[in-house]
Amino acid sequence: MTVTETGTTSSGGADLETLSRVVERVRSNVKKVIEGKPDVINTVLIGLLAEGHILIEDVPGVGKTMLSKSLARSIECTVRRIQFTPDLLPSDVTGVSIFNQNTREFEFRPGGVFANIVVGDEINRASPKTQSALLECMAEHQVTVDGVTYGLASPFLVVATQNPIEMDGTYPLPEAQRDRFTARVSIGYPDPAAELTMLDEHAAAEPLEQLRPVADAPTVQAVIEAVRRIRVGQEVRQYCVDLVTATRRLPDLRLGASPRATLQLVRAARAQAALQGRGFVTPDDVRAVAVPVLAHRLLLAPDARAARRSTAELVHGLLTRLPVPAPARA
């Protein structure tokens, strides 16, 4: 692999110094569009570095699509945007085989998922049948159409936005779909100072039009490979397993976190450590990503739902009760 960024290791991936430099450029670029939300931007970057997918859920107008598109425009790679609507078909997402009258053969026309970054806008406005078209590509980085399997590009990231399920015209994502997202984030309303800055800088021009790529696909792939080499000690791995196992025992939950959640928690913790410039994961890295990685995978029991409990609140409770292992050493 040819990497345009200097600072590669003998194994072909980037070193931590290069990783920090690339991530900081992407972060600074996204901040030009999304004001006053550094934690949200960091979580999206963690999803990218962890080879996962991000679900952005919030009310209309707070910048969900702007956030996903600003990340896509910050990286020089193939980008496709899919606007999910009630009449969208699964073949619009995955692709379809069309009979060519001239060659008398079927030809495959790729769908919207054939890109490095796929922006799925308002994913829960499409029918469950269409939503399920993303299941295979998100979990296995491939698409199967008419019995033929097609591989997807690397890196591959789905950034999906959705409105709260209480809003009109939405279909709740099934559990299997939510479980394939590494993390869920909510942007929230900006504070008054950030909103005033937004008016000053964005009212006269479209900020997305000013963004230019600050990294490319090979560089991002090299950075992802560097994150894979971040060390996770036995005590931290056990802490992740204990945390996920504890969700399955909570009486307030009808469904706890899956084994896939454990894997994604470790990957996200690696990415968090990389953002801190460390080559090893500490329990604090796990705690930092636990809520966005686990909360959206959990299903409340009826009594907990009636009491207006939240899954994020339950994860916070586990973090306070579970014993924390001693910090790892470099």
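So what's the net charge close to ALA301: Lys and Arg +1, Asp and Glu -1, counting the other residues with Cβ under 10 Å from its Cβ? Numbers along the way, then the final one.
Details: positive: ARG254, ARG305, ARG309; negative: ASP252, ASP303.
Overall, the nearby charge balance is +1.
Accessible area per residue, 1.4 Å probe, Å², for the stretch 207-310: what's the number?
Per residue, the stretch 207-310 has 43 Å² of solvent-accessible surface.
Determine the gain in length on full extension of the stretch GLN234-SER132; use 0.36 nm per residue of separation and subtract their C-alpha separation, reporting nm with one decimal.
Values: separation 102, 0.36 × 102 = 36.72 nm, distance 3.58 nm.
Separation in residues times 0.36 nm, less the Cα-Cα distance, equals 33.1 nm.
Could you name the lysines whose alpha carbon sits less than 20 Å from that of LYS32, not counting residues in the same chain fewer than 8 places away?
Cross-link targets: LYS64, LYS69.
Kindly report the accessible area of the stretch 1-147 per residue (heavy atoms of protein chains, probe 1.4 Å, no ligands, DNA or RNA), in Å². Working shown, then result.
Working: 6530 Å² over 147 residues.
Solvent-accessible surface per residue comes out at 44 Å².
Quick one: length gained pulling ASN100 to ARG248 fully straight, 0.36 nm per residue minus the C-alpha distance? Mind showing how you got there, number by number?
On the way: separation 148, 0.36 × 148 = 53.28 nm, distance 5.20 nm.
Additional length available on full extension: 48.1 nm.
State the Cα centre-to-centre distance between the stretch 231-272 and the stretch 93-128 in whole Å.
One Cα centre to the other: 35 Å.
Sort PHE106, PHE84, PHE280 by heavy-atom solvent-accessible area, probe 1.4 angstrom, most to least. Display every interim value, and only then the final one.
Numbers: PHE106 145, PHE84 5, PHE280 35 Å².
The ordering from most to least exposed comes out as PHE106, PHE280, PHE84.
What spacing in nm lies between the two simple spin-label points modelled at ARG109 and GLU175, each 7 Å away from Cα in the Cβ direction?
3.8
Using the Cα centre of the chain as the reference point, and only Cβ charges (+1 on K/R, -1 on D/E), how large is the resulting charge dipole? Debye, rounded to the nearest 20.
Values: 37 positive and 38 negative charges, 195 e Å.
The dipole magnitude comes to about 940 debye.
Give me the one-decimal nm value for the distance between modelled label points at ASP303 and ALA326, 7 Å along each residue's Cα-to-Cβ direction.
In this crude spin-label approximation the distance works out to 4.0 nm.
Provide the FRET efficiency to the nearest 0.05 for the GLN83-ARG212 pair, computing r from the beta carbons and using R0 = 30 Å.
Working: r = 24 Å, r/R0 = 0.82.
The computed FRET efficiency comes out at 0.75.
For the stretch 96-201, what is the convex hull volume of its Cα atoms per residue in Å³? Working shown, then result.
On the way: hull volume 19.0 nm³, N = 106.
Each residue corresponds to 180 Å³ of Cα convex hull volume.
I'd like to verify something in the chain: which complete DSSP H helices, judged by Cα projection on the helix axis, reach 30 Å or more and average at least 0.5 on the Kyte-Doolittle scale? Don't jump to the answer; show the numbers that get you there.
Values: long enough: none.
Sorted by number, there is nothing, because no helix extends far enough and scores high enough.
Accessible surface of ASP191 in the full protein assembly, 1.4 angstrom probe, to the nearest 10 Å²?
Taking all protein chains as shown, ASP191 has close to 80 Å².
Leaving ligands, DNA and RNA out of it, report the carbon-plus-sulfur percent of the accessible area of the chain at a 1.4 Å probe. The partial results should precede the final answer.
On the way: 8000 of 15450 Å².
Exposed carbon and sulfur together represent 52 percent of the surface.
The values are calculated or read from the model by the stated rules, or taken from the named source; none is laboratory data. Source: prediction; values computed, not measured. FYI the Cβ positions are ideal-geometry reconstructions off the backbone, even for glycines, and counts take in every protein chain you see. Keep in mind that these areas ignore ligands, DNA and RNA; they rest on the heavy atoms of the full protein, side chains included. Shrake-Rupley method; radii C 1.70, N 1.55, O 1.52, S 1.80 Å.
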